[in-house]
Every structure is written in structure tokens, then in C-alpha cells.
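**Q** The structure's right below; bear with me while I get my questions together.
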Amino acid sequence: MNVLVINCGSSSLKYQLINADSEKALASGICERIGIDGKFKYKSNTGAKVEKEVTMETHETAIKMVLDALIDPENGVIKSLDEIGAVGHRVVHGGEKFAHSVVINDEVVKAIEECNDLAPLHNPANLIGINACKALMPNVPMVAVFDTAFHQTMPAKAYLYGLPSEYYDKYKIRRYGFHGTSHSFVSKRMAEFVGLDINNSKIIVCHLGNGASVSAVLNGKSIDTSMGLTPLEGLLMGTRSGDLDPAIIEFIANKEGKNISEIMTILNKESGVQGLSGGLSSDFRDLTTASEEGNVLATQALAVFSYRVAKYIGAYVAAMNGVDAIAFTAGIGENDDLVRAAVVSYLGYLGVTLDKENNSKRGDDILISTPDSKVKVAIIPTNEELAIARETVALI
Ligand code: AMP
């Protein structure tokens, strides 16, 4: 069966058609600037590539364009839409309502809508994608896969904030965590890769991309993670501040005459390694080059990033009373050997030793700890689309 995986943002839509039997992507691409002007990108596993600037007024127009490309006689990969057996949608926030993926029906749509408050930028966009697919493929079953679901196994001591309890009661303010599909996929793969029984394992997953989070996965279940009510908490990220003293918000407001919403924009879009590097870049390749050329701010930004990852690892070793394996994944985790080496340099107390040669490699799953290392450390490429396709097939 082929599964169309859709990841819908407010003005963009990423897609992949995955053959669930071979687990290979038949085609993938992105529609950008929807509702503004429009940029369409498509690439197939047969080597076809389409890139065009074309008006996309709505997400429905964009999805129609994707479907047309998939069945196009020249560049397509299927003969008719009947060959799409199901659609899997990434949905960012499932609140406390969704601890698992679900088949989408009217009730589910309503429940996702009820989580809009918790992710006002993301959930409404995800719903637009769901409704557009429903309009174009009314008889194809659809599944919602939530970024938050995997972390619903966290105990209250990990998800409660030190706030008046009425805020949890009234508004469900708590830690939810994100990147759950990736943390779930990578922790399972890590266990397989290093020969651990997932039901008797202590794994720390470092998902280090433009957005970044760490999770503690005990016996296959997330028991803590660094992102919170929103993806702003935790690690330093590309442009997000991660953890800081909440009093800083009032301090900046008074000094700079800014309101809360302006400060939230600064914390989400102008902070992180980009902010710390004096606005140089959020991309670790640029920062590494600048650091090698002697840029002190870039060097500092990279140092703060790795130090904070190492601190979270330390916290999760404590939370699980030990660790068997540590996985690095996502753009930085999979590609940046310097960041991995810097993080691992803090882990001597765990008996971790780095295999420098393997750490410089790229590709599939790679063990980067030496054979005598007390904790296994590995690069495990994440594949959220494949994880969504698997969940979708399992449910329908
Ligand atoms: P993601 O959000 O997982 O797509 O990760 C994107 C980030 O990964 C980029 O902003 C870069 O900082 C980082 N990245 C991607 N490729 C490399 C690379 N070859 N070396 C270092 N960092 C990289």
C-alpha cells in the first residue's frame, strides 16, 4: 500500500508518497509560499524533478497539484489516485487528548481544534491540510500522528511546572514535549541497532535540528523531555532561546519598552545560536566556519549549545538512574561531528569514549563509541515521514 504523508504548515506543505511494503519514498517535495505566490517542488525515485513558480491560492490548490504530479504520465509514480491507500498527517499538538495516533473522523477533527490554543501557529495549519485532503480524496482513510503523543507517558513529576495548580486544572498548562515521532522512531531503532531489549533499556535521544530536544526513554516509553508547553523550552536552538530565567522577560520589557508578544518573537526567532552569534546565522555550518576564522561569538554560541545538551543528558541519566545508549539525530545530530564530539567530551564520568574515526563518518546508523565504552553512542538518522507511514498502516 502507498501512504501519502502530509506535513502542513501555515504557508507550506511537505509531502512524501511512501510504499509501505518496501518502506521507500516513491516521491517527495514541498509546496511553499501558499497563499502568497507559490513555489512547487517535486522529485521522484525515478529521477524526475519538477520545480516551478506557480500560484497556489489555498492548501487545497497545493494538494491538488501534488496529486496531479503523482499521477502525471511523464513524471508521476502511480497511475491513478486509487493507488493511494491512506494519508498520514503530522499534527503538532494533541494535548492530553491524544496519547496515540488516531484514524481521523469528525470527532477527532473537533478534538484537534480544541488543542489549537496550545499550538496556535501549527494546529490550525495541520487542520487545513486534513480538510483539503478530505475534500480531494473523500474515500481515502486518514490518520493523525501527533508530535506530542509519544511523551504522554511522562509522569506528573516530569510534566508539572511549579505554578499555582489552578493553571493546570483550568488551562492544562504542563510539559507536553515535541518531536515525539522522531524520539519514538530513533529510540526503537537505537535499541535494535545496539542489540538492546527496548523493554529493558535506558536510552537518551538527542534530536538536534533547527528545533532541538532531548528525551529520556525508559523501557521504550518517554519519561521526560526538554521541550515544554511549547517548543521554546529546553536546549538552545537555531533561533529559540530554550531555558532562561522567566524574570528576563520583564527585565527586557522594561529596558527596551517592548510588549510580551514582541519579546516572544525575540525568544522564538532572534535568539538561540543566531542571537548569541550576534545575528550571524542559525546554521551550524556557518557558525563552524566563522568560529574557525576566529569569530568569538560563533565559538561561544557553539559552546553554549553543546554544554546545554550535555547538561540535559546528565539530568536524564539521573532521571533513569543510568543510561545504556545515547542517540544523535536530525540535521546537526546526524551531520555535525564537532558538536557530537563536544557533547561526548562531557560524558567521561559515564565511561563514554568516542570512536573518532566513526564520528567523522556520515550515512546510516553508525556506532560512534569505542567497543569498550560503557555506554553505546550512535548516529541514528531520523525518518519522521516513514514513522508516520508506519503508524498510518498500523491503524487502518
Ligand atoms: P533539521 O531541522 O533537522 O532539518 O536541521 C537543520 C539544521 O541542521 C541546519 O540549520 C544546520 O544547522 C544543521 N546542519 C545540516 N547539515 C549540516 C552539516 N552538514 N553540518 C553541520 N550542521 C548541519
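The values are calculated or read from the model by the stated rules, or taken from the named source; none is laboratory data. The model shown is predicted, which means the values in this text are computed figures rather than measured ones. For neighbour counting, all protein chains shown are included, and Cβ atoms are generated from backbone atoms with ideal geometry for every residue, glycine included. Calculation scope for accessible area: heavy atoms of the full protein, side chains included, ligands and nucleic acids excluded. Shrake-Rupley method; radii C 1.70, N 1.55, O 1.52, S 1.80 Å.
**Q** Would you say GLY238 is at negative phi and in contact (Cβ under 8 Å) with a residue 12 or more places away in the chain?
**A** Details: at negative phi: yes; in contact (Cβ under 8 Å) with a residue 12 or more places away in the chain: yes.
Against the criterion (at negative phi and in contact (Cβ under 8 Å) with a residue 12 or more places away in the chain), GLY238 qualifies.
**Q** Looking at the structure I just gave you, is ILE380 touching a Phe, Trp or Tyr at 6+ places or on another chain (Cβ under 6 Å) and open to solvent by less than 40 Å² (accessible area, probe 1.4 Å)? Don't jump to the end; show me each part of the working.
**A** Values: touching a Phe, Trp or Tyr at 6+ places or on another chain (Cβ under 6 Å): no; open to solvent by less than 40 Å² (accessible area, probe 1.4 Å): yes.
Against the criterion (touching a Phe, Trp or Tyr at 6+ places or on another chain (Cβ under 6 Å) and open to solvent by less than 40 Å² (accessible area, probe 1.4 Å)), ILE380 does not qualify.
**Q** Only one of LYS97, LYS110 is free of Cβ contacts under 8 Å to residues at least 24 places away in the same chain and within 21 Å of the chain's Cα centre (by Cα); which? Explain how you work it out, then say what you get.
**A** Details: LYS110 fails: within 21 Å of the chain's Cα centre (by Cα).
Result of the check over LYS97, LYS110: LYS97.
**Q** Further question on the same structure: Being farther than 24 Å from ASP243 by Cβ, out of contact with any helix residue (DSSP H, G or I) (no Cβ under 8 Å at 6 or more places or on another chain), open to solvent by less than 30 Å² (accessible area, probe 1.4 Å) and more than 16 Å from the ligand (Cβ to nearest atom), is that true of even one residue in segment 383-393?
**A** Among the residues of segment 383-393, at least one is farther than 24 Å from ASP243 by Cβ, out of contact with any helix residue (DSSP H, G or I) (no Cβ under 8 Å at 6 or more places or on another chain), open to solvent by less than 30 Å² (accessible area, probe 1.4 Å) and more than 16 Å from the ligand (Cβ to nearest atom), which makes the answer yes.
**Q** Can I ask one more? Could you check segment 136-176 and list, in sequence order, the residues that are open to solvent by less than 50 Å² (accessible area, probe 1.4 Å) and of a type in the set (S, T, N, Q)?
**A** Answer for segment 136-176, where residues must be open to solvent by less than 50 Å² (accessible area, probe 1.4 Å) and of a type in the set (S, T, N, Q): THR148, GLN152.
**Q** Looking at (1) in contact (Cβ under 8 Å) with a residue 40 or more places away in the chain; (2) within 16 Å of the ligand (Cβ to nearest atom); (3) β-branched (Val, Ile, Thr), find the lone condition where VAL323 falls short.
**A** (2)
**Q** Quick one: would you say LEU127 is within 30 Å of ASP169 (Cβ to Cβ) and open to solvent by 60 Å² or more (accessible area, probe 1.4 Å)?
**A** Working: within 30 Å of ASP169 (Cβ to Cβ): yes; open to solvent by 60 Å² or more (accessible area, probe 1.4 Å): no.
It is false that LEU127 is within 30 Å of ASP169 (Cβ to Cβ) and open to solvent by 60 Å² or more (accessible area, probe 1.4 Å).
**Q** Kindly list the number of the only condition in (1) open to solvent by 30 Å² or more (accessible area, probe 1.4 Å); (2) in a loop (DSSP other than H, G, I, E, B); (3) under 18 Å from MET137 (Cβ atoms); (4) not aliphatic (A, V, I, L, M) that fails for GLY76.
**A** So GLY76 meets the others, but not (1).
**Q** Tell me the residue from LEU267, LEU297 that is more than 10 Å from the ligand (Cβ to nearest atom), more than 25 Å from the chain's Cα centre (by Cα) and in a helix (DSSP H, G or I), please. Full working, then the answer.
**A** On the way: LEU267 fails: more than 25 Å from the chain's Cα centre (by Cα).
Just one listed residue meets the conditions, LEU297.
**Q** To continue, here is another question. Under 8 Å between Cβ atoms, which residue pairs at least 6 apart in sequence (or on different chains) link something in segment 205-222 that is away from the ligand (no atom under 16 Å from the Cβ) with a partner that is part of a loop (DSSP other than H, G, I, E, B) and at pLDDT 95 or above?
**A** Final answer for the pair search is VAL217/SER201; LEU218/SER201; ASN219/SER201; GLY220/SER201; SER222/MET154; SER222/GLY177.
**Q** When you look at THR353, is it open to solvent by 30 Å² or more (accessible area, probe 1.4 Å), more than 13 Å from the ligand (Cβ to nearest atom) and in contact with an Asp or Glu (Cβ under 9 Å, 6 or more places away or on another chain), yes or no? Please lay out each step first, then the result.
**A** Numbers: open to solvent by 30 Å² or more (accessible area, probe 1.4 Å): yes; more than 13 Å from the ligand (Cβ to nearest atom): yes; in contact with an Asp or Glu (Cβ under 9 Å, 6 or more places away or on another chain): yes.
Yes, satisfied.
**Q** Considering only segment 92-99, I want to know if a residue exists there that is at pLDDT 95 or above, in contact with a Phe, Trp or Tyr (Cβ under 8 Å, 6 or more places away or on another chain), on the phi < 0 side of the Ramachandran plot and assigned to a strand (DSSP E or B).
**A** The answer is no, given that none of the residues of segment 92-99 is at pLDDT 95 or above, in contact with a Phe, Trp or Tyr (Cβ under 8 Å, 6 or more places away or on another chain), on the phi < 0 side of the Ramachandran plot and assigned to a strand (DSSP E or B).
**Q** Taking only segment 334-350 into account, find how many residues are open to solvent by less than 20 Å² (accessible area, probe 1.4 Å) and in a helix (DSSP H, G or I).
**A** 4
Listed here are the residues, each with its yes/no results for (1) closer than 30 Å to ALA156 by Cβ; (2) at pLDDT below 95; (3) surrounded by fewer than 16 Cβ atoms within 10 Å (Cβ to Cβ).
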position: LEU229; (1), (2), (3): yes, no, no
position: ARG240; (1), (2), (3): yes, no, no
position: ALA247; (1), (2), (3): yes, no, yes
position: GLU250; (1), (2), (3): yes, no, yes
position: GLU270; (1), (2), (3): no, no, yes
position: ARG308; (1), (2), (3): yes, no, no
position: ILE313; (1), (2), (3): yes, no, no
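**Q** Of the numbered conditions (1) in contact with a strand residue (DSSP E or B) (Cβ under 9 Å, 6 or more places away or on another chain); (2) surrounded by fewer than 19 Cβ atoms within 10 Å (Cβ to Cβ); (3) part of a loop (DSSP other than H, G, I, E, B), GLY331 satisfies every one except a single condition; which is it?
**A** Only one criterion in (1) in contact with a strand residue (DSSP E or B) (Cβ under 9 Å, 6 or more places away or on another chain); (2) surrounded by fewer than 19 Cβ atoms within 10 Å (Cβ to Cβ); (3) part of a loop (DSSP other than H, G, I, E, B) is unmet by GLY331, namely (3).
**Q** Here's another thing I want to ask about it. Evaluate the following for ARG340: is it within 11 Å of the ligand (Cβ to nearest atom) and under 24 Å from the mean Cα position of the chain (by Cα)?
**A** Numbers: within 11 Å of the ligand (Cβ to nearest atom): yes; under 24 Å from the mean Cα position of the chain (by Cα): yes.
So ARG340 passes the test.
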